[in-house]
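> Below is the structure I would like to discuss, written out as structure tokens.
The values are calculated or read from the model by the stated rules, or taken from the named source; none is laboratory data. This one's a predicted model, so the numbers in the text were calculated from it and none came from an experiment. Note that we place each Cβ from the backbone using ideal geometry, even for glycine, and neighbour counts take in every protein chain shown.
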Amino acid sequence: MLSVQDRAIVKSTVPLLESGGEALITHFYRMMLSEYPEVRPLFNQAHQASGDQPRALANGVLMYARHIDQLDQLGDLVAKIINKHVALQILPEHYPIVGSCLLRAISEVLGDEIATPEVMAAWGAAYGQLADILIGAETSIYDQKEQAPGGWRGARDFIVVAKVDESAEITSFYFEPADKGPILAAEPGQYIGMQLILDGEEIRRNYSLSALANQGQYRISVKRETGGRASNHLHDQLHVGSSIQLFPPSGEFTLTESAKPLVLISGGVGITPTLAMLEAALATKRPVHFIHCARNGSVHAFRDWIDGLAERHPQLKRFYCYDEDDGVSPAAHKVGLLSQEQLGEWLPQQRDLDAYFLGPKGFMAAIKRHLKALGVPEKQSRYEFFGPASSLE
Ligand SMILES: Cc1cc2nc3c(=O)[nH]c(=O)nc-3n(C[C@H](O)[C@H](O)[C@H](O)COP(=O)(O)OP(=O)(O)OC[C@H]3O[C@@H](n4cnc5c(N)ncnc54)[C@H](O)[C@@H]3O)c2cc1C
Ligand code: HEM
């Protein structure tokens with residue numbers, strides 16, 4: 001338990017963290033990744049390079065410091081961190097590494113004058129408290145996932161049983177466990193963690209489940225990224241019969257049960273979790289509006305599948321928007337960037353609806369703004385990032 005004095009010291013550093021938080025965390029990462037090679041595979045280099053990961057962690061630490069008196073108010077953020085950690089198999093033994101590098105970075109960046117032994121002791125205690133909260137929650141999820149039907153702990157060997165091209169750049173992979181045992185159920189919207197060894201180096205990635213996991217199989221659908229390590233490996237080297245190591249599904253961007261109309265909005269490969277959500281929603285009576293934006297028809301995945309569902313399920317209305325017409329593929333309902341006016345026409349009349357959206361950051365920022373302006377209650381409008389969370393404002 002943190003003393004009143006420790007809490008006061010930590011809170012007093014909030015303005016300092018606000019102005020220098022990112023530099024601090026960048027320094028911390030550089031130190032940790034060079035001195036502790038064992039944690040390198042856990043971190044995505046691209047997220048480091050873009051600064052998104054240092055920024056997300058800086059934001060996490062800052063929020064924590066700001067709410068040190070009312071940790072229950074961190075609710076959403078803590079759940080996000082825990083789910084991301086679980087999907088990548090962050091373990092209790094990793095925490096002292098992060099803790100010691102973070103504290104050293106604080107003292108090196110601030111200098112002796114500000115980072116007094118008192119300040120460092122308070123931050124040591126504060127980090128310890130946060131680490132205990134996360135370790136406790138993560139351990140209990142690992143236990144639950146191991147004990148649940150079809151569950152497991154750590155990496156499990158899966159085999160690719162099917163590989164299907166869904167568009168010019170998205171390919172689906174169907175996995176079954178090599179031991180032929182049952183698999184853990186996943187909530188629609190959840191993602192799996194994957195462990196790959198490429199050129200002798202381990203890397204980890206997350207992929208949303210793009211179908212309900214109810215046939216003893218998991219399906220993911222991967223966009224080939226230019227220069228991307230995992231996605232190119234999966235597209236080029238993973239074939240039917242190949243094996244792959246998967247961590248149990250995780251994630252809090254999940255479809256919650258409700259009778260309200262459901263609106264699923266995606267851009268590009270952000271379509272993947274909405275497909276599992278769509279499948280789940282069509283098993284109920286709720287109306288679903290499925291809105292998908294793609295650069296053009298050649299990169300629009302799952303169009304035939306969704307059109308087929310719409311024919312069989314009158315509760316489903318679907319709308320497609322392409323940046324441009326490629327002149328070859330079937331036409332979209334609208335060409336150009338999705339405007340607020342167009343979105344308004346495609347939403348159900350009743351604005352008391354549940355919206356879930358995912359896509360490139362600029363796309364999500366626009367959708368968030370449009371939904372708000374169109375009268376959708378903010379707390380009923382949910383989104384996720386295919387990388388570390390950042391601000392959409
Ligand atoms: C919860 C979650 C769910 C996801 N679901 C999906 C999904 O369903 N489908 C899907 O396709 N993706 C999904 N992703 C994204 C996925 O995890 C990968 O990030 C994506 O496939 C790219 O990985 P990669 O290894 O191919 O690319 P990376 O090697 O990570 O590279 C990505 C980009 O960054 C550039 N880059 C890499 N390293 C550096 C560097 N050091 N400096 C500068 N630039 C660099 C690369 O050239 C490339 O353009 C999801 C991510 C998350 C977090
Ligand atoms: C108190 C300690 C910690 C805090 C406050 C913290 C906070 C965060 C936050 C805010 C994110 C981003 C979540 C998101 O946006 O989805 C994150 C992701 C992550 N964390 Fe932590 N974390 C802590 C400890 C650790 C430890 C001990 C490790 C392992 C060494 C670790 C590894 C990771 C990884 C690999 C990611 C995903 C990175 C990515 O997407 O590139 N974290 N953490």
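> From the list Asp72, Asp76, pick out the single residue that is out of contact with any Cys (no Cβ under 7 Å at 6 or more places or on another chain), of a type in the set (Asp, Glu) and away from ligand 1 (no atom under 16 Å from the Cβ).
Asp72
> Can you name the residue in the range 206-227 that is modelled with pLDDT under 95 and on the phi < 0 side of the Ramachandran plot and is also farthest from ligand 2 (Cβ to nearest atom) among such residues?
Looking at the filtered set, the residue picked out is Gln215.
> Going by the conditions given, is His239 assigned to a strand (DSSP E or B) and either outside the structural domain of Glu202 (by TED's automatic domain parsing) or away from ligand 2 (no atom under 16 Å from the Cβ) (or both)?
On the way: assigned to a strand (DSSP E or B): no; either outside the structural domain of Glu202 (by TED's automatic domain parsing) or away from ligand 2 (no atom under 16 Å from the Cβ) (or both): yes.
For His239, the condition - assigned to a strand (DSSP E or B) and either outside the structural domain of Glu202 (by TED's automatic domain parsing) or away from ligand 2 (no atom under 16 Å from the Cβ) (or both) - is not met.
> Given the criterion of a type in the set (Ser, Thr, Tyr) and within 18 Å of the chain's Cα centre (by Cα), identify the matching residue among Ser107, Ser100, Ser50. Write out each step before concluding.
Values: Ser107 fails: within 18 Å of the chain's Cα centre (by Cα); Ser100 fails: within 18 Å of the chain's Cα centre (by Cα).
Step by step, each of Ser107, Ser100, Ser50 is checked, and only Ser50 is of a type in the set (Ser, Thr, Tyr) and within 18 Å of the chain's Cα centre (by Cα).
> Scan the range 106-125 and give yes if some residue there is at pLDDT 90 or above, in a helix (DSSP H, G or I) and within 10 Å of ligand 2 (Cβ to nearest atom), otherwise no.
Our first condition is that a residue be at pLDDT 90 or above; within the range 106-125, this holds for 116-125.
Now drop any that are not in a helix (DSSP H, G or I), which leaves 117-125.
Cutting the leftovers down to within 10 Å of ligand 2 (Cβ to nearest atom) gives us none.
Taking every residue of the range 106-125 in turn, none turns out to be at pLDDT 90 or above, in a helix (DSSP H, G or I) and within 10 Å of ligand 2 (Cβ to nearest atom).
> Filter the range 83-98 for residues that are hydrophobic (A, V, I, L, M, F, W, C) and more than 13 Å from ligand 1 (Cβ to nearest atom); which is farthest from Leu62 (Cα to Cα)? Before the answer, list the steps.
Initially, the range 83-98 is screened for residues hydrophobic (A, V, I, L, M, F, W, C), giving 86-88, 90-91, 97-98.
This time we only want the ones that are more than 13 Å from ligand 1 (Cβ to nearest atom), so: 90-91, 97-98.
On the way: Ile90: 21, Leu91: 22, Ile97: 19, Val98: 16 Å.
Among those residues, the one meeting the criterion is Leu91.
> Let me ask something additional. Restricted to the range 29-63, and to residues that are in a loop (DSSP other than H, G, I, E, B) and farther than 27 Å from Val14 by Cα, which residue is nearest to ligand 2 (Cβ to nearest atom)?
Per the criteria, the residue is Asn44.
> Considering only the range 68-77, state which residues are more than 9 Å from ligand 2 (Cβ to nearest atom) and either in a helix (DSSP H, G or I) or not β-branched (Val, Ile, Thr) (or both). Step through it out loud before you land on a result.
Pass one, the range 68-77, residues more than 9 Å from ligand 2 (Cβ to nearest atom): 68-76.
Within the range 68-77, Asp69, Gln70, Leu71, Asp72, Gln73, Leu74, Gly75, Asp76 qualify.
> Just to check your reading of the model, which residue among Leu196, Leu238, Leu246 is more than 8 Å from ligand 1 (Cβ to nearest atom) and touching a helix residue (DSSP H, G or I) at 6+ places or on another chain (Cβ under 8 Å)?
Numbers: Leu238 fails: touching a helix residue (DSSP H, G or I) at 6+ places or on another chain (Cβ under 8 Å); Leu246 fails: touching a helix residue (DSSP H, G or I) at 6+ places or on another chain (Cβ under 8 Å).
So the residue among Leu196, Leu238, Leu246 that is more than 8 Å from ligand 1 (Cβ to nearest atom) and touching a helix residue (DSSP H, G or I) at 6+ places or on another chain (Cβ under 8 Å) is Leu196.
> A follow-up question, please. Just to be sure before I move on: is Ala294 buried (at least 17 other Cβ atoms within 10 Å of the Cβ), under 25 Å from Ala389 (Cβ atoms), small (Gly, Ala, Ser) and within 23 Å of the chain's Cα centre (by Cα) in the structure I sent? Show your work before the answer.
Details: buried (at least 17 other Cβ atoms within 10 Å of the Cβ): yes; under 25 Å from Ala389 (Cβ atoms): yes; small (Gly, Ala, Ser): yes; within 23 Å of the chain's Cα centre (by Cα): yes.
Judged against the criteria, Ala294 is a match.
> Here's something else I'd like to know. Can you find a residue in the range 100-112 that is more than 22 Å from Phe253 (Cβ to Cβ), in contact with a Lys or Arg (Cβ under 8 Å, 6 or more places away or on another chain), more than 16 Å from ligand 1 (Cβ to nearest atom) and of a type in the set (Asp, Glu)? Quick ask: steps written out before the conclusion?
Step one: filter the range 100-112 for residues more than 22 Å from Phe253 (Cβ to Cβ), giving 100-112.
Then drop every residue that is not in contact with a Lys or Arg (Cβ under 8 Å, 6 or more places away or on another chain), which leaves none.
Scanning the range 100-112 turns up no residue that is more than 22 Å from Phe253 (Cβ to Cβ), in contact with a Lys or Arg (Cβ under 8 Å, 6 or more places away or on another chain), more than 16 Å from ligand 1 (Cβ to nearest atom) and of a type in the set (Asp, Glu).
> How many residues are within 15 Å of ligand 1 (Cβ to nearest atom) and either farther than 11 Å from Ala389 by Cα or polar (S, T, N, Q) (or both) when one looks only at the range 55-69?
Residues meeting the conditions: 0.
> May I pose another question? Pairs please, first residue from the range 374-385 and away from ligand 2 (no atom under 14 Å from the Cβ), second anywhere and at pLDDT below 95 and assigned to a loop (DSSP other than H, G, I, E, B), Cβ atoms under 6 Å, 6+ apart in sequence or on different chains.
Nothing qualifies.
> Quick check on the range 258-281: of everything there that is closer than 18 Å to Ala185 by Cβ and in contact with a helix residue (DSSP H, G or I) (Cβ under 9 Å, 6 or more places away or on another chain), which residue is surrounded by the most Cβ atoms within 10 Å (Cβ to Cβ)?
The residue in question is Leu275.
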